[in-house]
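Let me begin by presenting the structure, written as structure tokens, before commenting on it.
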Amino acid sequence: MDKKIDFLMDDAIRLIKESDNILIASHVQPDGDSIGSILALGMAIEKLKGKVRILKVDDIPSDYQFLPNIELIKEFDDENIDLFIALDCGDMERLGSGKKLALKAKQIVNIDHHITNDNFGDLNIVSPSSAATGELVYKIIKKMDVQIDKNIATCLYTAISTDTGSFMYSNTTYKTHLIVAELLKIGININDININIYQSRSMERTKLFLDSLDTLEILLDDKVAIVTTTQDMLESNDAKLEDTEGIISFVRDIDTVEVACLLKEIDESEVKVSIRSKKAIDVSKICNKFNGGGHIRAAGCTIYGSIKEAKKLILKEIEMAFR
Ligand code: AMP
Ligand code: MN
Ligand code: MN
């Protein structure tokens, strides 16, 4: 970790120690990194100061309900906030309903690893070379001199494992493995954690997966794969939007595919787009064109229009990216 990030973390810890009312939050449509990170930092601050609040900005997917102290994530509308800590959020819009509380806080600390982060905080700890926000949270907790117990370690492991595709993606570094080695030393049960995260797919989710895959189209010399999940599919399978998890990685894994795209219909005029790549294409740049963002190999955005319109617009940008 570079010196600058180290100094910024010292400043953040000073703010945490000085502040009375601290609120921690992350992004809407939460994933393992966002939930694992807010819980881990929340538990550590609770150990240090005896109190903390973790804001719920969206429903927690069933995959992460097993995490220790998940019930700490709650709705708050108290506007008396000294310090707002945003984790894993590239911009303030990603906080959803949390944005209005962030704007009322005396100070905002922004801790993130998205390359597209717009430095919205008063203090910005942004490290695109970190595989997960969980890596940054690990480092801050160590610097705070709070002991990482099994509960904190379980949340950090979940954060890092999910954002690295189980340590497979190119964002994984030797530092990732050193951190995870420390977490294992603490005695977490990775078999239980991995069964909870990766081997507990519901039948509803499985059927949604099959329906979505049925829409598979392979384009641009077999280099691009696109699939769609519609509201009808969600309804007929009694599934939720969070149940689309896993579809895009399956499609990306087709041998000839470089870019995989999943279109998730929110309603007839809104589509959430997820894009993944393997080696050559920077998908964060594609999503940035639609006011979204993310990482080089994993990014997302929202397109306002029908599925058909969204498909046309995104495919045009994907095609341009290959030129
Ligand atoms: P997803 O496809 O939703 O799993 O997101 C892939 C990556 O892009 C994650 O790191 C997200 O945090 C990020 N991302 C997704 N949607 C957006 C958005 N609308 N704006 C900025 N970043 C996003
Ligand atoms: Mn995230
Ligand atoms: Mn992340």
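Here, each number is a calculation from the coordinates, and none is a lab measurement. Just so we're clear, the structure is a prediction, and the values are computed from it rather than from any experiment. Cβ: placed from backbone, ideal geometry, glycine included. Neighbour counts: every protein chain shown.
Return the long-range amide H neighbours of N69 (sequence gap of 5 or more, or a different chain), with a cut-off of under 5 Å between placed amide H atoms.
The answer is none.
For the range 203-321, just the Cα set please: Rg and Dmax, both in angstrom.
13.2, 38
Compute the distance in nm between two label points, each set 7 Å from the Cα along the Cα-to-Cβ direction, one at F250 and one at D20.
Distance between the two pseudo-spin positions: 5.3 nm.
Compute, for the range 181-232, the length of the dipole vector about the Cα centre, with Cβ point charges of +1 (Lys, Arg) and -1 (Asp, Glu) only. Units Debye, rounded to 20.
300 debye
Per the helix-only calculation at 222 nm, which mean residue ellipticity applies to the chain, given -39500 (n - 2.57) for every DSSP H run of n ≥ 4 and division by its residues, nearest 500 deg cm²/dmol?
After summing the helix terms and dividing by residue count, I get -12000 deg cm²/dmol.
Could you tell me the center-to-center distance, by alpha carbons, between the range 242-287 and the range 110-166 in angstrom?
Taking the Cα centre of each part, the range 242-287 and the range 110-166 sit 24 Å apart.
Dipole of the chain (Lys/Arg Cβ +1, Asp/Glu Cβ -1, origin at the Cα centre): which of S161, L313, P30 lies farthest to the positive side?
Checked the options; the winner is S161.
What's the angle, to the nearest 10 degrees (0 to 90), between helix 307-321's Cα axis and the longest principal axis of the chain?
80 degrees
So for Y138, Y304, Y157, fewest C-beta neighbours within 10 Å to most, what's the order?
Exposure proxy ranking, most exposed first: Y304, Y157, Y138.
Give, rounded to the nearest 20 debye, the magnitude of the charge dipole that the range 3-197 has about its Cα centre when Lys and Arg contribute +1 at Cβ and Asp and Glu contribute -1 at Cβ.
Dipole about the Cα centre, nearest 20: 540 debye.
Which residue, S277, S236, S97, has the most motion in a Gaussian network model of the chain that connects Cα atoms within less than 10 Å?
Ranking S277, S236, S97 by mean-square fluctuation puts S236 first.
Going 7 Å from the Cα of K316 along its beta-carbon direction, which residues of the range 219-251 have the amide nitrogen within less than 14 Å of the resulting point?
none
Using every Cα-Cα pair within the range 97-227, state what percent have a distance larger than 19 Å.
64 percent
For K278 and Q231 in the same chain, what is the full-extension length gain: residue separation times 0.36 nm, less their Cα-Cα distance, in nm?
14.1 nm
Any idea how far apart D222 and S200 come out in nm if each label point goes 7 Å out from Cα toward Cβ?
About 3.8 nm, to one decimal.
How much net charge surrounds D59 when only other residues with a Cβ under 9 Å from its Cβ are counted (Lys, Arg +1; Asp, Glu -1)?
0
Sort S212, S202, S19 so that the residue with the fewest other Cβ atoms within 10 Å of its own Cβ comes first and the one with the most comes last.
Final ranking by Cβ density, sparse to dense: S202, S19, S212.
Report the charge-dipole magnitude of the range 203-321 in Debye, nearest 20, computed about the Cα centre from +1 at each Lys and Arg Cβ and -1 at each Asp and Glu Cβ.
The calculation lands at about 620 debye.
Taking 35 Å as R0, compute the FRET efficiency from the Cβ-Cβ separation of L210 and I296 and round it to 0.05.
In this case the efficiency is close to 0.70.
Taking the Cα atoms only, what angle lies between the long axis of helix 133-144 and the longest principal axis of the chain, rounded to 10 degrees?
10 degrees
Please turn the phi angles of the range 191-196 into ³J(HN,Hα) values with the Karplus equation 6.51 cos²θ - 1.76 cosθ + 1.60 (θ = phi - 60°), one per residue in order, whole Hz, x for glycine and proline.
Each residue of the range 191-196 in turn: 5, 4, 4, 5, 5, 4 Hz.
Run the quick spin-label model on A181 and D82: label points 7 Å from Cα toward the beta carbon, then report their separation in nm to one decimal.
3.9 nm
Write down the Å³ per residue value for the convex hull defined by the alpha carbon atoms of the range 3-197.
Here the figure is 105 Å³ per residue.
How far is helix 203-213 tilted off the main Cα axis of the chain, in degrees rounded to 10, range 0 to 90?
Roughly 50 degrees between the two axes.
If you rank T215, T256 by fewest surrounding Cβ atoms within 10 Å, what's the result?
T256, T215
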